[in-house]
Structures are given as structure tokens and as C-alpha cells.
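Colleague: Take this structure first; my questions come after.
The values are calculated or read from the model by the stated rules, or taken from the named source; none is laboratory data. The structure displayed is predicted, hence computed values, not measured ones. All Cβ positions, glycine included, derive from the backbone under ideal geometry; neighbour counts span all protein chains shown.
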Amino acid sequence: MKANDRRELHQRSIAELEEEVASLRRGLFDARIAASVEGKGDGGQRARMRRQVARCLTIINQKKKAEVQA
């Protein structure tokens, strides 16, 4: 992921990030099902999606923590 993409994630609101997480989790589920049923799977893509979920959740937690402290 490029630095510009990371900056863009930090600029999003918590609600937008939560929508992104939900979308990525749906995509992960679909990819997992496709891999098991159809025998196709791009493990690299699923790994990237998992990392993106983790990034979004980290940013959400940082923003929530900053709100509490403010």
C-alpha cells in the first residue's frame, strides 16, 4: 500500500472506515468460499485484504482513543 493511500485512510471518518471494513470482510468471505468451492484462490489477494482490514481497524481505534482523550 502506498503512503498516499494510507494518508487517505487517516482522513476518512470512523463511519467510512467501518463501511470499508464491512466491505473487505464480505470480500474475504466470498474469496474464501470461492477458493473452497471452485478450487480457485488468490492467497495473495486475501492476505492484502486482511492487512487492509487490520489497517482500518487500527485507525478506527486510534481515532476513538483520541476522541476519548479530547
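Colleague: Which residue pairs have Cβ atoms under 8 Å apart, sit 6 or more places apart or on different chains, and have a first residue in segment 1-25 that is within 17 Å of GLN45 (Cα to Cα) and a second that is modelled with pLDDT of 90 or more and assigned to a loop (DSSP other than H, G, I, E, B)?
Modeller: Close Cβ pairs (under 8 Å, with a partner that is modelled with pLDDT of 90 or more and assigned to a loop (DSSP other than H, G, I, E, B)) amount to GLU20/ARG12.
Colleague: When you scan segment 29-70, how many residues do you find that are at pLDDT 95 or above and among the β-branched types (Val, Ile, Thr)?
Modeller: The number of residues fulfilling the criteria is 4.
Colleague: Might you let me know whether segment 53-68 holds any residue that is part of a loop (DSSP other than H, G, I, E, B) and either in contact with an Asp or Glu (Cβ under 8 Å, 6 or more places away or on another chain) or exposed (fewer than 14 other Cβ atoms within 10 Å of the Cβ) (or both)?
Modeller: no
Colleague: On the phi > 0 side of the Ramachandran plot, over 9 Å from the mean Cα position of the chain (by Cα) and loosely packed, with under 11 Cβ neighbours inside 10 Å: is that true of GLY39 in this structure?
Modeller: Answer is yes for this residue.
Colleague: Would you confirm, using the coordinates I've provided, whether ARG12 is among the basic types (Lys, Arg) and either on the phi > 0 side of the Ramachandran plot or surrounded by fewer than 14 Cβ atoms within 10 Å (Cβ to Cβ) (or both)?
Modeller: no
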